[in-house]
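The structure appears below as structure tokens.
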Amino acid sequence: MPKRNIIWILVAGVVALLLWKVPEGAVRRDALYTQFSPLLDVRVQVLKHYVEPVADEQLLKGAIDGMLNHLDPYCAYFSQREYEQFNKQAKGQFYGIGIEVTRLPSEGLLIVSPIEGSPAFHAGLRAGDHITAIDGVKTDHMPLDKGVEMISGSPGTSVRLTVMRPSTEETFDKTITRGLITVRTVRGWARDGDWQWDYLIDPERRIGYVRISRFEGQTAEQFDEVVRDLLARHRTRGLVLD
């Protein structure tokens, strides 16, 4: 039996299981099946009439994305690869060049932000830059997880990015060496002359300031380190936590 038929049999099985789980008094099973059956009908029509072959995995992901897009911007479905990548980043340490990216339809990958202190940060990449190619492979139709996989890699290896900067309409190549990325989520109120965070916002009153940008695996450890340093060096009397 072809793989695509097996996939859609599994989808039908999942729908059937959902129908079986629905309480009798909530929604009639036949009505719910009628609501979801167009998914299979559309799949049949696409395979029959679309000008190019389409993988069932692509159709299934599109259907899931479509459902989630009608909820709110924070709902997302992760493939196994995306979930593993998400868990790596959630720990606060991972290997790569240190950029947060998203997907722009037909335009490639968009850099949301370079991570502070990362190879991408030191290479001069900026938020808003478009990655149009990775090692010579164009990204205009590249799935986000594929792009992330190509950019990531073992420390010491390099990746060549072709970047378009909308603010200047300049296109250039950057070859960046991958490394261990530690996400700094605990920050101060300003930078000092050595580009380090200053956590003492009021030296006279000995008041510290700590801003947590987000919670990840290293956040508690970084926060503890900063507070201990404030107490040891400045004998702080108060702390503003943002």
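The values are calculated or read from the model by the stated rules, or taken from the named source; none is laboratory data. Everything numeric here is computed off the predicted structure, so don't read it as measured data. No Cβ is skipped: glycine too gets one built from the backbone with ideal geometry, and neighbour counts run over all protein chains shown.
Laid out as a table, the results:
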read-out: Residue in the range 159-168 that is in a strand (DSSP E or B), without any contact (Cβ under 8 Å) to a residue 24 or more places away in the chain, in the same structural domain as Phe94 (by TED's automatic domain parsing) and not hydroxyl-bearing (Ser, Thr, Tyr) present; value: no
read-out: Qualifying residues in the range 128-143 (those that are surrounded by 17 or more Cβ atoms within 10 Å (Cβ to Cβ) and either aliphatic (A, V, I, L, M) or assigned to a loop (DSSP other than H, G, I, E, B) (or both)) - the one modelled with the lowest pLDDT; value: Met142
read-out: Residue selected from the range 84-127 under the condition in a loop (DSSP other than H, G, I, E, B) and under 15 Å from the mean Cα position of the chain (by Cα), by the criterion farthest from Arg214 (Cα to Cα); value: Ile97
read-out: Filter result (in contact with a strand residue (DSSP E or B) (Cβ under 9 Å, 6 or more places away or on another chain), closer than 28 Å to Ala90 by Cα and not basic (Lys, Arg)) within the range 201-215; value: Gly208, Tyr209, Val210, Ile212, Ser213
read-out: Some residue of the range 66-78 being in contact with a Leu (Cβ under 9 Å, 6 or more places away or on another chain), at pLDDT 75 or above, more than 30 Å from Thr182 (Cα to Cα) and part of a helix (DSSP H, G or I); value: no
read-out: Answer residue from the range 185-216, given it is part of a loop (DSSP other than H, G, I, E, B) and crowded, with 17+ Cβ neighbours inside 10 Å and is farthest from the chain's Cα centre (by Cα) among those; value: Tyr199
